[in-house]
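Asker: This structure is in structure tokens; I'll ask about it shortly.
Coordinate-derived values only; no laboratory data. Keep in mind it's a predicted model, so treat the numbers as computed, not measured. In this analysis, Cβ positions are derived from the backbone assuming ideal geometry, glycine residues included, and neighbour counts consider all displayed protein chains.
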Amino acid sequence: MAQKAADDDPLEPRPSRWLGRPCVRPLPLVPSPPSRSGTFSLAVLLLFLAALPCGCSLKPPYQRPALPVPQHYPGAERDDAAALSLSDWSAFFADPELKRLVTLALERNRDLAMARQKVEEARAMYGIRRADLLPGISAGALAERSRTPADLSLTGAPVTANVFQAGLFLASWELDFWGRVRSLKEAALESYLASLEARRAVQVSLVAQVAQSYLQERELTERVDLAEATIKSRDESFRIARRRFEVGSASKLDAVQAETLLNQARAELAGLMRLRALNLNALALLTGGPVSLVPLPLTVVERDFLAVIAPGLPSDLLLNRPDVIAAEHELKGTNAAIGAARAAFFPAIALTGSFGSASSELSGLFAAGSGTWSFTPAVSLPIFQGGRNVANLELARAREREAVAAYERVLQRAFREVADALAQRHWLAEQVEAQKATLASQTERTRLARLRYDTGAATYLEVLDAERDRFSAQQALVQTRRALLFAGVELYAALGGRGQAAPGEPGGHAGDVRNGEAKP
């Protein structure tokens, strides 16, 4: 008998066949008969319903997909299990001029400003969805005067009537027994969290782009210095060759070859100045305004330019990479949308009501006995929708499968970017050492070719080739040194470097949410 009574208890939790979670059976919505306390029954009932933890969730349980990448990066140390903390980009870069440029970019870059506004847009949408869980109550007043003609009046005489009414009105409020509104709210919350991570991804990318342009500027400055020094040296060589031709100790061919070598260096300088102007324009766009830089060669800034950073394990990308975190939030949002699509198959219960005072005379609007109230529960059950609800559920499931594929693709791309940065950093270091040895050999070859020409053992063409190869080796070495430095920046960005929040902006992604609710 006790088990029978428990089965008949309308408040006894029932297991949900959809989710395996307890589900509360809804109470019968039958209004109480009028009484002296009837004027307060609506308010009491609304407070009770608002406090009632009604309903269950039809959202399927979320499971994070398995990592579609190896457990270690190729070439990385197996015991390297922890990456460097990337909580502050300014601790990663040591160059004060680069820090100044990055700070300007975080304050004035328009792409980052757009990303911030997208965060605010997603926050507002989440607020709208959260408001759907609460009843919408509004205050209003009504004054109406009407005349009924004699042939329509019950008394056979024309009637003029007045109606004055004031009170609180409850718009149609859906009782979320099946978790449809809560699922939509959770989907909006995940979209908001994804927008926070998308903003952080833009910021990390911006820091990397500013660092790249800054290194490009230092590289071009050093290459310009090399080109100017080469022009000065070749101009002297051309002067000597021309003088020798004029006194008859050398052929005109030697003078023409020396002039050709000089003009090639001048053309190379013009090309470098063009690249430098374009790079400064790109840097101005990134920082949101004109920038002024003291021209310094790459040699001055490359020492201790970057902090030492370890790659850690691929699983660290789940916690550090903003695009990976954003993709997972999008996946959770599609999972919540399935719960909303499932709830559409069940009855929807909505409440509409009002509470106030009404009278035929304005002076009696708030007099004793003028109270009025109404309470209208409505239940709608989908019977025939032409397959709309089934199609919506299939659409939600297809979007979830698409989000799973997108999440896995982002993870694979992140893994590749880290692996590429590690490979770049390793092999570019090897290339720099080899190019240093090549430049040393080319310098010695140029010295010997010059001696052979001065003693008449070789033609000026041999000197020309040696000078040209030495200049190319100098330029290539500077480019590779810059690429090696930027490989470290790429590794920082690939590991999901957490940039410092811009002035007036919220900080980390996790700090904007408390207990599943967005901070106001």
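Asker: Treat each spin label as a single point 7 Å out from the Cα along the C-beta direction, and report the Ile137 to Val308 distance in nm.
Answerer: Result for the modelled spin labels: 6.4 nm.
Asker: Taking 30 Å as R0, compute the FRET efficiency from the Cβ-Cβ separation of Ala229 and Glu433 and round it to 0.05.
Answerer: Calculated value: 0.80.
Asker: On to the next question. With just the Cα atoms of the stretch 296-381, tell me how far they stretch along each of the three principal axes, in Å, largest first.
Answerer: 91, 41, 18
Asker: Something else: Would you mind checking Lys185/Lys332; Lys99/Lys436; Lys59/Lys332 for any pair whose Cα atoms are more than 18 angstrom apart?
Answerer: As for pairs spanning more than 18 Å Cα to Cα, those are Lys99/Lys436.
Asker: Say R0 is 25 Å: what FRET efficiency, to the nearest 0.05, do Glu120 and Ala406 get from their beta-carbon distance?
Answerer: Once rounded, the FRET efficiency stands at 0.55.
Asker: Please turn the phi angles of the stretch 420-426 into ³J(HN,Hα) values with the Karplus equation 6.51 cos²θ - 1.76 cosθ + 1.60 (θ = phi - 60°), one per residue in order, whole Hz, x for glycine and proline.
Answerer: Each residue of the stretch 420-426 in turn: 5, 5, 5, 5, 4, 5, 6 Hz.
Asker: Next question. Whole-Hz Karplus ³J(HN,Hα) for the stretch 278-294, in order, using 6.51 cos²θ - 1.76 cosθ + 1.60 and θ = phi - 60°, x for Gly and Pro?
Answerer: 3J(HN,Hα) across the stretch 278-294, in whole Hz: 5, 5, 5, 5, 5, 5, 5, 5, 5, 8, x, x, x, 10, 10, 10, 6.
Asker: Per residue of the stretch 122-127, in order, report the coupling 6.51 cos²θ - 1.76 cosθ + 1.60 (Karplus, θ = phi - 60°) as ³J(HN,Hα) in whole Hz, putting x for Gly and Pro.
Answerer: Here the 3J(HN,Hα) series is 5, 4, 5, 5, 5, x Hz.
Asker: To continue, here is another question. Using a basic spin-label model with each label point 7 Å from the Cα along Cα→Cβ, how many nm lie between Arg244 and Arg145?
Answerer: Taking the simple label geometry, Arg244 and Arg145 are separated by 11.6 nm.
Asker: What is the list of residues in the stretch 334-372 whose amide nitrogen lies under 15 Å from a point 7 angstrom out from the Cα of Asn162, following Cα to Cβ?
Answerer: Answer for this model: 358-367.
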